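Take a look at the structure below.
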Amino acid sequence: MRLSRNMSYMLKQYRRGTENCSFEKFQRAAKASFEHHWNNHEFCGTWCQAKDWTDEEKETNKNMFRNKETHQKEYYQQFGVHSKYTEEDRLRRVFHEWTTNKTEQIHSLVTNVFLPKRSYYCRTICGRARTYLAVSIDSIGYYEYNRTLYLELGLHMTTITAVFYKQQDKRRQTDRAYANKPERRKLRAEHRLENINEEWRREVIDKQTGNTYRSGIAVTSQTTKSSSEKQSSSQGGPVVDGAGGFEDENNRPFCKACKNYGHQRRSSRLCPKNPKGNHYEGKTMRFYVLVTRLRNCRLCNQIERACTSVLICRTLSTKRESCRDGYEHWN
């Protein structure tokens, strides 16, 4: 991850069109993005602080970089991958004056405003039109785009509408200027660095406590544990399965539809509430519930009131019980 970040910084810093930037410097910077990580500062520029270190500082800060001799296997493995992607032909492809920031910005505008991911617009005219709308607004702004659209359609734009679109453009310009301030960019970089350090710290703590991952899915099985799983469990840390759940005998999946253990959803073949399953118990419905669901019909309302009166009436219920007792007596 650090090598990828170094390469991205290099591509942004050494772009075609910047001052005193040639393709030879671009190639040298590509080598520095890798060799700087392995404590070789021969190709580094003025941004490298290690070039100005004294012998005492180099000895003190020698653990800040990786050592080629100690990790020789990893060095040659990464060097082979880096050399593949830093060939002259491939470097000339990326040596241009554009960046991918604009692409990511338009992507966020399209997906967050015009084409949300919860809706399906793939290969549709509506999806294409919304994409064109997002690109046009990002290119020339709300006011210019809508003014051109109104002229093409032969419509008249009111003053209130024009003021609204101009306010939207002014807000976009203000937000863009505020985000490009040095203090804001520095604060965002600090937040990103804090998140990276926090993830690294959490990973180190998990390895120390024995929280490991193993392949598989979150199902209950009677298979015996392997030696590595037993060793991880004996160290005191929980073993996490492939689905992200902790392996525990008491932590079994529970289905809310049938109130049974062993599965989690009604769509499971083990669920008795699944009509497609082999354990389907059928669907029963009381007559009173059925009538209640059809309350929009006048006849059903009358049937409901009749059923309710029969169930509540004390005389009818007494006669019904006496008839039932007599039937049981004669049988």
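The values are calculated or read from the model by the stated rules, or taken from the named source; none is laboratory data. Source: prediction; values computed, not measured. With ideal geometry, Cβ positions are generated from the backbone for all residues, glycine too; neighbour counts draw on all protein chains shown.
The table below lists the values:
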quantity	calculated
Lone unmet requirement of (1) loosely packed, with under 11 Cβ neighbours inside 10 Å; (2) at pLDDT 90 or above; (3) over 30 Å from R5 (Cα atoms) for A177	(3)
Residue that is farthest from T148 (Cα to Cα), among those in the range 111-133 that are of a type in the set (V, I, T) and over 17 Å from the mean Cα position of the chain (by Cα)	T124
Lone unmet requirement of (1) surrounded by fewer than 16 Cβ atoms within 10 Å (Cβ to Cβ); (2) in contact with a Phe, Trp or Tyr (Cβ under 9 Å, 6 or more places away or on another chain); (3) under 13 Å from M7 (Cβ atoms) for Y85	(2)
Near pairs, Cβ below 7 angstrom, 6+ apart or cross-chain, from the range 55-76 (assigned to a loop (DSSP other than H, G, I, E, B)) to any residue that is hydroxyl-bearing (S, T, Y)	K68/Y75
Selection count, the range 88-115, where residues are without any contact (Cβ under 8 Å) to a residue 60 or more places away in the chain, surrounded by 12 or more Cβ atoms within 10 Å (Cβ to Cβ) and not assigned by TED's automatic domain parsing to the domain that holds E24	9
Residue check, G45 within 30 Å of W98 (Cβ to Cβ) and exposed (fewer than 12 other Cβ atoms within 10 Å of the Cβ)	no
Boolean, A129 is farther than 23 Å from Q173 by Cα, small (G, A, S) and at pLDDT 90 or above	yes
